[in-house]
1. Please state which one of 52, 61 is within 14 Å of the chain's Cα centre (by Cα) and in a helix (DSSP H, G or I).
2. Looking only at the stretch 1-36, filter to residues that are in contact (Cβ under 8 Å) with a residue 24 or more places away in the chain, part of a loop (DSSP other than H, G, I, E, B) and farther than 27 Å from residue 91 by Cα; which one of those is farthest from the chain's Cα centre (by Cα)?
3. So which residues in the stretch 105-128 are within 26 Å of residue 43 (Cα to Cα) and either at pLDDT below 65 or in a loop (DSSP other than H, G, I, E, B) (or both), if there are any at all?
4. Among the residues of the stretch 37-49, how many are at pLDDT below 95 and part of a helix (DSSP H, G or I)?
5. Would you check which residues across the stretch 64-79 are surrounded by fewer than 20 Cβ atoms within 10 Å (Cβ to Cβ) and assigned to a helix (DSSP H, G or I) and list them?
């Protein structure tokens, strides 16, 4: 179970890259979202993401102990699940998005903006991400600070969409 947990927590090994494992993991999450989005409706995808969060808490806890560091950079399941969460609310097509905006950019550029903003919040860790990151430990802390960064991403994207910036 330990080796399987580490393998899954590292995004099938993606998190073991030497440079920028969180960004590479987020890119892996974005790419895999295209597949998931084509296979499931929004409700099923939301359930899948919720279950993936819970599984991520469990396997991150095991992987953290196995790797021997607090919140090791190799664990990228948190970035993967968080970008899935963000992209669930970003238009991927006008027909099947949970939130539909008047679009002048293609959906790819909305998703690119979401990716960039999510990485910004995940790397910089402004409040309350930094609070969650410093106070909540273990598998739940590993997963939850990225979800909070995802919420921040969605708030800023919504402001940009509503104000016409995007």
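The values are calculated or read from the model by the stated rules, or taken from the named source; none is laboratory data. The shown structure was predicted, so the numbers you read here are calculated from the model rather than taken from an experiment. Note that we place each Cβ from the backbone using ideal geometry, even for glycine, and neighbour counts take in every protein chain shown.
1. From the options 52, 61, the qualifying one is 52.
2. 1
3. Selection gives 105, 106.
4. Of the residues in the stretch 37-49, 4 are at pLDDT below 95 and part of a helix (DSSP H, G or I).
5. 65, 66, 67
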